[in-house]
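Please read the structure below before turning to the comments.
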Amino acid sequence: MPLPIERYAVIGDRHTAALVGDDGSIDWLCLPRFDSPACFAALLGSPEHGRWLIGPVDEATVTRRYVGDSPLLETTFTTGSGRVRLLDAMPTDDERADLVRRVVGVEGTVRMRHDWVVRGGYGRVRPWVTREEHQRSEVIIAVSGPDKLTLRGPRLPVGDGGHHRDEFDVTAGDELTFVTTWTPSWQDTPGPHRPERAEQQVREWQEWADRCPADVPHRDAVVRSLVTLRLMSHADTGGIVAAPTTSLPEEIGGTRNWDYRYCWLRDAALTLESLLTAGYTDEAGSWRRWLLRAVAGDPEDLQIMYAVDGGRELPERELDHLPGYEGSTPVRIGNGAVGQRQLDVLGEVMIALDQARDEGLAESSFSWGLQVALLDQLVADLDTPDNGLWEIRGPLRYFTHSRVMAWVALDRGLRGIERHGLDGPADRWRAARDALREEVETRAFDPDRGTFVQHRDTREVDAALLVLPGVGFLPGDDPRMLGTLRAVEEDLLHDGLLLRYRTSSGVDGVSGSESPFLACSFWLVSAYAAAGRRDDAEELMERLVALANDVGLLAEEYDPRAERMLGNFPQAFSHLALVRAAFDLRRP
């Protein structure tokens with residue numbers, strides 16, 4: 001059985017990412033891209049579905065840390081006979097992916113176990129494995145369709161029923177480095193990795209992290225979140241994935257299991273906002289270029305998500321051969337929400353592009369022309385309901401958050417005209433923006449309870465209503481926002497953390513329940529701060545930061561009663577909300 005989600009850490013090369021358990025097992029890795037098929041898929045099944053374990057044979061106490069502010073992971077195992085250190089990294093290199101694992105003896109002698117199990121196609125395909133001489137050293141090569149994995153090391157494990165296994169002693173002063181390298185199967189066997197690349201990239205990551213402002217509250221958590229967000233942005237295409245995993249459940253044994261290895265326009269835009277807020281402007285140009293390539297074409301064809309390279313085809317299907325994380329099925333790849341209408345998405349995109357303009361990123365005729373076309377299409381479609389922020393699979397509704405974010409999109413477009421001298425149909429956009437404000441204030445407000453509602457046909461509330469002050473729709477201390485904040489607390493607080501909405505209302509069309517959504521709880525921090533409830537904001541922030549695992553990572557949800565993480569991991573939405581909340585607390 002896989003480990004609890006919080007016992008994993010993430011490493012990556014900004015093309016893909018691996019989940020490493022505190023037992024030394026790499027249980028999830030897709031190669032060569034975030035959204036490629038997994039070759040290690042034990043996370044959603046068993047070791048038979050692929051893993052790479054290097055860990056002590058005997059029981060051990062474990063401590064972990066990242067080296068500085070880099071993604072280089074250091075795990076220390078202490079047994080009754082000694083101590084060893086395991087260093088895991090994925091240095092970036094051209095046309096290959098290297099997964100480097102270095103075992104270092106620290107004290108005494110520790111008996112170690114090595115189990116290399118490669119399975120293509122998300123654990124379904126057993127590869128053809130050979131043992132060969134290459135450049136005067138022995139290597140193990142596993143080939144499956146388009147993929148070739150090559151294992152190098154000072155002592156290689158022995159094939160045994162689809163596994164390659166070994167046990168060996170590590171004594172103080174010993175160093176053994178094992179490397180798995182992915183290359184296309186039609187290419188020649190690759191040479192050894194360049195060890196200097198890992199050291200160089202630790203320095204590069206540290207220099208990047210050092211640019212984060214020193215006075216932001218909870219700086220260590222903010223920096224780890226920023227590093228994690230950058231790790232999930234593709235180095236070549238600029239696309240930003242929502243998470244490197246699929247089908248980690250929102251409820252153990254439940255069906256709310258989704259594939260997050262794609263680029264949601266909303267999540268990517270929010271990630272960019274977090275990076276810009278922290279002073280990282282270089283990423284803005286790369287992401288905008290990805291956006292322009294992905295959405296180029298007829299504005300009517302705009303999708304809410306795309307593949308890492310901007311591809312549009314993300315058909316959802318179920319993998320019946322995988323039993324799921326702790327029996328949570330189905331395991332899904334692809335995402336059926338790709339065809340949904342979510343009106344809020346353009347609002348987040350326009351906020352990010354407006355912020356980039358304010359930071360000095362000049363518009364081209366192409367980039368601004370595309371924004372004009374998208375906003376004109378938005379105006380034409382305003383009378384149409386949508387699926388909303390939470391990808392509701394029930395009936396389409398006029399969700400309040402969506403209507404507000406449509407207002408935001410037009411407002412930021414008008415800023416482009418009024419502040420930056422760009423050309424556009426200001427009068428048409430202004431009229432549509434003002435009509436949206438009147439609609440939200442009259443049709444999406446419950447005067448009896450004094451709160452905004454989830455959509456115009458209900459009295460239910462939604463945690464997404466808490467973002468209204470942050471996007472400039474209303475001040476946080478406006479009586480209507482204070483009433484909304486009170487209603488959200490009354491209806492959605494669950495053991496001190498916030499649910500997205502009440503699933504018992506049936507609005508989402510999906511069976512089962514879910515745990516508190518961490519991003520929503522960070523929104524509550526920001527809402528408290530905007531409402532003048534500074535002590536409440538700081539107290540909740542302290543609690544939320546403490547929920548991160550031992551290396552500072554957050555999943556999508558947290559079950560406070562079971563004290564465990566749920567949902568895909570690490571989750572960009574949680575980490576970007578942490579960054580935003582910290583910078584909101586930074587304001588006087």
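The values are calculated or read from the model by the stated rules, or taken from the named source; none is laboratory data. Bear in mind the structure is a predicted one, so any value in this text is a computation, not a measurement. In this analysis, Cβ positions are derived from the backbone assuming ideal geometry, glycine residues included, and neighbour counts consider all displayed protein chains. To get the accessible areas, we keep the full protein, side chains included, count just its heavy atoms, and leave off ligands, DNA and RNA. Shrake-Rupley method; radii C 1.70, N 1.55, O 1.52, S 1.80 Å.
Hey, among the residues in region 233-255 that are among the charged types (D, E, K, R) and open to solvent by 10 Å² or more (accessible area, probe 1.4 Å), which one's farthest from LEU291 (Cα to Cα)?
Going through region 233-255, the residues among the charged types (D, E, K, R) turn out to be 236, 250-251.
Subset that is open to solvent by 10 Å² or more (accessible area, probe 1.4 Å): 236, 251.
Numbers: ASP236: 13, GLU251: 33 Å.
Among those residues, the one meeting the criterion is GLU251.
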Item to check | Subset of region 156-172 (residues that are modelled with pLDDT under 95, touching a strand residue (DSSP E or B) at 6+ places or on another chain (Cβ under 9 Å) and in a loop (DSSP other than H, G, I, E, B)) | outcome: GLY162
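Could you look through region 472-490, keep only residues that are open to solvent by 30 Å² or more (accessible area, probe 1.4 Å) and assigned to a helix (DSSP H, G or I), and pick out the one that is farthest from ALA529 (Cα to Cα)?
Only one residue fits best here, namely GLU490.
Checking the structure you have, find out if any residue of region 148-169 is among the hydroxyl-bearing types (Ser, Thr, Tyr) and surrounded by fewer than 20 Cβ atoms within 10 Å (Cβ to Cβ). Steps first, answer last, please.
Taking region 148-169 first, the residues among the hydroxyl-bearing types (Ser, Thr, Tyr) are 150.
When the remaining residues are screened for being surrounded by fewer than 20 Cβ atoms within 10 Å (Cβ to Cβ), the result is none.
Within region 148-169 (the criterion being among the hydroxyl-bearing types (Ser, Thr, Tyr) and surrounded by fewer than 20 Cβ atoms within 10 Å (Cβ to Cβ)), the answer is no, since none of the residues qualifies.
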Checklist entry - Filtering region 64-82 down to residues that are touching a residue at least 40 places away in the same chain (Cβ under 8 Å) and not in a loop (DSSP other than H, G, I, E, B), which residue is most open to solvent (accessible area, probe 1.4 Å)? => result ARG65
Next on the checklist: For region 329-388, which positions are open to solvent by less than 20 Å² (accessible area, probe 1.4 Å), within 21 Å of TRP264 (Cβ to Cβ) and either touching a Gly at 6+ places or on another chain (Cβ under 7 Å) or among the charged types (D, E, K, R) (or both)?
Outcome noted: VAL331, GLN342, ASP344, GLU348, MET350, ASP354, GLN371, LEU375, ASP386
Checklist entry - Name the pairs: first residue in region 88-102 and assigned to a loop (DSSP other than H, G, I, E, B), second residue hydroxyl-bearing (Ser, Thr, Tyr) and open to solvent by less than 10 Å² (accessible area, probe 1.4 Å), Cβ to Cβ under 8 Å, at least 6 apart or on different chains? => result MET90/THR16; GLU95/THR183
Next on the checklist: Which count do you get for residues in region 557-588 that are touching a helix residue (DSSP H, G or I) at 6+ places or on another chain (Cβ under 6 Å) and in a loop (DSSP other than H, G, I, E, B)?
Outcome noted: 2
Checklist entry - Does any residue in region 551-574 that is over 18 Å from GLY21 (Cα atoms) come within less than 6 Å, Cβ to Cβ, of a residue that is open to solvent by 20 Å² or more (accessible area, probe 1.4 Å) six or more places away or on a different chain, and which pairs are these? => result TYR558/LEU547; PRO560/ASP495
Item to check | Hits in region 29-62 (condition: under 30 Å from ARG219 (Cβ atoms), open to solvent by 30 Å² or more (accessible area, probe 1.4 Å) and touching a residue at least 24 places away in the same chain (Cβ under 8 Å)) | outcome: VAL62
Item to check | Search result, residues across region 495-511 that are exposed (fewer than 14 other Cβ atoms within 10 Å of the Cβ) and in contact (Cβ under 8 Å) with a residue 60 or more places away in the chain | outcome: ASP495, GLY496, GLY506, GLY509, SER511
